[in-house]
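What follows is a set of notes on a single structure, which appears directly below.
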Amino acid sequence: SCRQGYLVLAEDKIVRVRTIGNKAYLTIKGKTTGIRRNEFEYEIPMPDAIKMMDLCGDAIIEKKRYFIEHSGMLWELDVFLESNAGLIIAEIELETEDQSFELPEWVGEDVSNDPRYFNAALSQHPFRDFKR
């Protein structure tokens with residue numbers, strides 16, 4: 001299970017604290033341009049992460065992450081919980097923006113360019129509130 005809290009949510013940067021099992025990380029992300037952005041991640045002590053998570057207020061998401069290999073690519077499958085329950089997002093890390101890959105038959109709509117589906121956005125405007 002993965003828990004993510006957002007300390008800074010700005011148009012040009014995000015600072016996130018994440019706990020996965022017994023490990024914790026602080027991540028800084030730059031502005032998204034297309035599907036690319038700068039990202040820096042550092043492991044931090046769990047007690048610090050717990051205190052930082054308290055600073056996030058309601059800007060927290062919870063999800064379970066699964067890894068699935070398909071045609072030589074490792075897909076991350078996030079099954080969201082709580083206010084984002086019902087949402088499942090699959091993603092892969094590409095070496096270049098134009099890298100080709102085979103789309104698994106279990107992947108649905110491409111939401112890569114829909115900012116509503118960014119984890120930071122889901123912490124503010126959860127999936128349960130989407131108009132479907």
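The values are calculated or read from the model by the stated rules, or taken from the named source; none is laboratory data. Computed from a prediction, not measured in an experiment: that's the story for all the values here. Reconstructed Cβ throughout: ideal geometry from the backbone, glycine too, with neighbour counts over all protein chains shown. Side chains included, ligands, DNA and RNA excluded: accessible areas come from the protein's heavy atoms. Shrake-Rupley method; radii C 1.70, N 1.55, O 1.52, S 1.80 Å.
Values as computed for the structure displayed
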{"item": "Test item: Cα-centred dipole of the chain, Lys/Arg +1 and Asp/Glu -1 on Cβ, debye", "result": "600 debye"}
{"item": "Surface accessible to a 1.4 Å probe, per residue, for the residues of segment 1-117, Å²", "result": "65 Å²"}
{"item": "Rel. contact order, % - alpha carbon contacts under 8 angstrom, at least six apart, the chain", "result": "20 percent"}
{"item": "Solvent-accessible area, 1.4 Å probe, carbon plus sulfur percent, for the chain", "result": "50 percent"}
{"item": "Under-5 Å amide H pairs with Leu87, H placed in peptide plane, nonlocal only", "result": "Phe80"}
{"item": "For the chain, the fraction of alpha-carbon pairs in successive 5 Å shells from zero, as %", "result": "2, 9, 18, 22, 23, 16, 8, 2, 0"}
